[in-house]
Structure formats: C-alpha cells, structure tokens
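Values in this text are rule-based calculations from the coordinates and carry no lab data. No experiment lies behind these values; they were computed from the predicted model shown. So basically every Cβ, Gly included, is an ideal-geometry build from the backbone, and we count neighbours across all protein chains shown.
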Amino acid sequence: MDHRYAQLYVGGGWVTPSTSHVITLVNPSTEARLGSVPEALEADVDVAVDAARRAFDEPGGWAHWAPEDRADVMERFATELEARAERIAGLVSSQNGLPISWARQLEVGYPTSVLRYYAGLARTTAFSEVRAGLLGGSIEVRKVPVGVVAAIVPWNYPQVLSMFKIAPAMAAGCTVVLKPSPEAALDAFLIAEAAEAAAVPAGVLNIVPGGREAGAHLVSHPRVDKVSFTGSTAAGRAIAEICGRLLRPVTLELGGKSAGIILDDAELDPVGIGEDLVAATLANNGQTCFLSTRILAPRTRYAEVIDLLTDLVRALPVGDALDESTLIGPMATRQQRDRVEGYIAKGRHEGARVTTGGGRPAGLDKGWFVEPTVFADVDNGFVVAQEEIFGPVLCVLPYDTVDDAVRIANDSDYGLGGTVWTADPERGADVARRVRTGTIGVNHYLPDPVAPFGGVKASGLGIELGPEGLEAYLQIQSVYL
Ligand code: NAD
C-alpha cells in the first residue's frame, strides 16, 4: 500500500505545506516504496511554532486548563491511539524493521500506557502549595508549564519516544511541536489523526516531519521555550551548545554502549535466561539505545557464555519485520546497514573472533539485513567495545573479579542502560548499584513508565518518565503573599 499524506497537522487541523518537497519512505525489509509525507521546511516550522505559541499564550488556553480537564483530553487521545493500534504497529515495522511482535508491545501498548500514566499524574500532582514564610506572611510556590516544547525524535521507536515527550508536556500544560525523523515519519500521521479525533485543542500538538535543518531551526527558534531531544550523542552535543547559548532548558536522551555483567553464579540456561537476555541485548535488531551490547563474562565461565550466546543468537529467526516469526528484522536504512557492516569489519581487524554471524543472511536478496553477530575475545579498548554500533552485534569480554567487571562496565563514555545476570538478585542489585549508569536491570531490562529514565555522561542530560519526567516540563514560580 502506498501511504500518502499531503498536508501537515498544525493548529488542530491540516495545513498545506510551504513547498512541494516530500520525504519518501522505503520499507527496509523489501526496499519497496512505502509512501510519502510532506517535508517541513523552516517556513512550516515557523507556522507550527506560532500555532503552539498561540495555544500556550492565549487567555484560558491549554496552560490555564484545570489539570483534570487536560487529563480527560489525554485519556481520549490514548483511546484514539488504541483504536489505531494495528495500523500503527504495521507502519512502524514497515518503516524501521522493528519485528511486528515487538512493535505491538513497544510501539502501541507502551506509548498509550505512558499517556494514561501522565494523565493520572496531571490529576494527582500538586501544582501549587502555600508555605508559611520565615519572615512573616506566606508564599505560594507554583509549578507552571515551561511553555512551547520542541520535541525531536529518532526513527527507532518513533511512537514511544514521541510519547515520552508529548505525554508529560501535555500533562504539565505545555504545547508541543513534534519533529519526527525522516526515516520514520508516516506513523506520526496516525498520532495526528488520533489527536484530531480526540479533539486535542488546536495548537497543543503540531507535527512537522523534516530533516536536520528543520530540527536545527526548531531548536533555536526564538518562540520555543524548551527542547526535548532523543537521538545521537553528536546531534545532542550540537543542540546542547545552542541551548546553552540561549539559556534554554533542554532534555537530551542520547546514545549508549551498556554493559551486561554475567556473574559467576548465573544460570546459563537458554530456556531460563534466553528470552530476557535477547531482549536486553538485541531488541529492535540492536537498534535500541539502552542495550547491554558489551557482555562481561567471568573468565572461569567465558567459554560457556560464548557458547550460550552463540547458540541463542544463531537460532534467532531473521526476516521480514512483518513476519510474525521474525525476531531480527533489517537495519532501518541502507546507510545504517553499511555502518554496522563497517563495525563488523573493524572488529575483525582489531582481532575480535566472530563466533556466529558476521555477514549477510542467506536467502534474503532484498532488504538491509545483517546477520546477528557475536564477537568473542574483545578488549574494552577496541572500537567495537567503545562505540555505539546500533545493530545486532554483541561483544563478549572476559573479566577476573567483580571489581574488574565493574571497572570495565564503567570504562565507557556512555552510561544509559545495563544489566546484571545472577542466581542471587540481591547480589545482582549490589553490583548494579556500582555501575555509573542512569538505568540498570537485574536479570531483565524493562524501562517502566513510573521509573525515571535517562543517561549519564555522554548518554544525556535530564530525565524522562516517572514524576521526574513531568518536572522537566514545569518551572517554579514563588509568589510572596
Ligand atoms: P540522529 O541524532 O541522527 O537524529 C535524531 C533526530 O534528530 C532526527 O529527527 C533528526 O532529524 C534530528 N536531528 C539530527 N541532527 C539534528 C540537529 N543538529 N538539530 C536538530 N535536530 C537534529 O539520531 P538517529 O540516527 O535518528 O537515532 C539513533 C540515535 O538515537 C542513537 O545514537 C541512539 O542511541 C539514540 N537514541 C537514544 C535514546 C535514549 O532514550 N537515550 C532512545 C532512542 C535512540
């Protein structure tokens, strides 16, 4: 099916873009054309920011609504997204190669849970309190919405990462201009359709798919109040520089190269550990920021760990992302496939040993597939151990003591995710607490909407999810009474 959108969702309706430029979407499993959307240029971004600005500034506008009324709108929005669940899952899989079984859970169920969770927080959060002053009188301490939010997202989980920003922003009373990534712009139109059907007030959410230039224009736009960005560390640094100069609040969710520490007591049984280990290390064909792609194995059990991972990875069904049995789909773009293959070549050159994979899967002549790959004998100084590959490539490194494992885990520019695998969850939690990272799981990894999510070091600045994720869209005002 050729999905074609000709207009942009701005100001609560559909507007004609400033030019006839389009973004053409291609299915990475088949290389077939999937559809097209208008490419928003600077003039379109300006119109979207104006709409968001008006909706925020007008007397009685969204910022001034009672929080419970905003929550009602958000819940209607979630219901409308749920009504489009199968279309959303299918479009996301067809755009970025996320296996359809994963797309249903992560790109449909999860974003609406996040939206409903923040609707709940809008109902229960105290947006103001009165304190007795030490110097006499009293003070009203208010939490007010920060304003117009520029939300910029990547292609790997377009729905959920958009909702990580839209949901807390709406709950806070902010208005949003969302810029989806050009590689995954179609599914954003289903967000727009759902918002329209839910009667989200005009200008509260505006969607402008576009490239880096549109994103950069949005980030530095004089009428934007806050930037919330998910993407690469390189782009995050460029955005941070601009926001620093403008003194503009910014949340940055960036790349990762997390460690999966297998302790010496772990049960290395493919049935017991396999599914969780694959999810924590290879979800979305390795195109996930928090994956534990540096696996640290005790030297005494190194061969066993290599055998387990090799068997698990070799058995993963690779194929068209829309096939229900697929667990590893293609890379999202040809460029991404070439990049991953470049890293595999680099790993070999550095002396790492391929125990499975390393090439292109047989029998798949179309599509940007890479065989899921395990590298043994990796040193933490290797490029493949330090840089984010963003593909189905695992590096397995030996360690001697737990102190050694923690040191290697922390010897990274990044600090986003991580896991510890053990038969003793308390021991696992003790080790987890020693890793310098924003999030880490014991025997599994699943970012729960109630728990703050974010990175340290080159993985980002600030927090999404949890009540802390709402605070990121609020400013404090003290009124001395
Ligand atoms: P990217 O940085 O190239 O692009 C991300 C988004 O930013 C896109 O919409 C792009 O058009 C836009 N953009 C790029 N440069 C920009 C600039 N200078 N100013 C404004 N906007 C700009 O990243 P990508 O390749 O699309 O996504 C993969 C990266 O995202 C990986 O590094 C991954 O780890 C990271 N990521 C992080 C998280 C997280 O929560 N920490 C989640 C998912 C992905």
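Just to confirm a number: summing +1 for Lys and Arg and -1 for Asp and Glu over residues other than LEU481 whose beta-carbon lies under 14 angstrom from that of LEU481, what do you get? Write down the numbers at each step before the final one.
Details: positive: ARG131, ARG142; negative: GLU129, GLU140.
My count for the surroundings of LEU481 gives 0.
Could you tally the net charge around ALA66, taking each other residue with its Cβ under 12 Å from the Cβ of ALA66, Lys/Arg +1 and Asp/Glu -1?
On the way: positive: ARG70, ARG123; negative: GLU68, ASP69, ASP72.
Around ALA66, the charge tally is -1.
Which part of region 374-411 falls in the paramagnetic zone of ASP264, meaning amide N under 11 Å from the point 7 Å along Cα-to-beta-carbon?
Label zone hits: 400-403.
So what is log10(I(q)/I(0)) for the chain at q = 0.06, 0.11, 0.12 1/Å, when the Debye sum runs over its Cα atoms only?
-0.27, -0.89, -1.04
Can you compute the equivalent ellipsoid semi-axes for region 333-389, i.e. the square root of 5 times each eigenvalue of the Cα gyration tensor, sorted largest first and rounded to whole Å? Don't skip to the answer; put the middle values down first.
Values: eigenvalues 91, 34, 10 Å².
Working from the Cα gyration tensor, I get semi-axes of 21, 13, 7 Å.
Past the 22 angstrom mark, what percentage of all C-alpha to C-alpha distances in region 107-215 do you count?
Values: 2255 of 5886 pairs.
Taking all Cα-Cα pairs of region 107-215, the fraction more than 22 Å apart is 38 percent.
Over the Cα atoms, compute the radius of gyration (one decimal) and Dmax (the largest Cα-Cα distance, rounded to a whole number) for region 259-442, in Å.
For region 259-442, the Cα-based Rg and Dmax read 15.5, 48 Å.
If packing is taken as the mean number of other Cβ atoms within 10 Å per residue, what is the order of 326-333, 386-393, highest first?
Values: 326-333: 24.8, 386-393: 22.9.
Ranking, from highest mean packing down: 326-333, 386-393.
Going highest first, how would you order 230-237, 444-451, 251-258 by mean Cβ packing within 10 Å?
Details: 230-237: 18.8, 444-451: 15.6, 251-258: 26.0.
So the peptides 230-237, 444-451, 251-258, ranked by packing, come out 251-258, 230-237, 444-451.
Label points 7 Å out from Cα along the Cβ direction at ALA126 and ARG87: separation in nm?
Going by the 7 Å Cα→Cβ label model, 4.4 nm.
If you scale each eigenvalue of the Cα gyration tensor by 5 and take the root, what three semi-axes come out for region 84-166, rounded to whole angstrom and sorted largest first? Each step should come with its number before you reach the end.
On the way: eigenvalues 325, 35, 12 Å².
Semi-axes, largest first: 40, 13, 8 Å.
Could you tally the net charge around GLU304, taking each other residue with its Cβ under 13 Å from the Cβ of GLU304, Lys/Arg +1 and Asp/Glu -1?
Details: positive: ARG299, ARG301; negative: ASP264, ASP265, GLU267, ASP269, ASP307, ASP311.
Neighbour charge sum, excluding GLU304 itself: -4.
For the chain, what does -39500 (n - 2.57) per DSSP helix run (n ≥ 4), summed and divided by total residues, give at 222 nm, in deg cm²/dmol to the nearest 500?
On the way: 16 runs with 184 residues, N = 481.
Calculated at 222 nm, the ellipticity per residue is -11500 deg cm²/dmol.
Sequence neighbours fewer than 8 away in the same chain don't count; with that in mind, list the aspartates and glutamates whose C-alpha is under 20 Å from LYS366.
Partners found: ASP2, GLU31, GLU183, ASP320, ASP323, GLU324, ASP338, GLU341.
So, in Å, what gap is there between the alpha-carbon centers of region 168-204 and region 362-412?
36 Å
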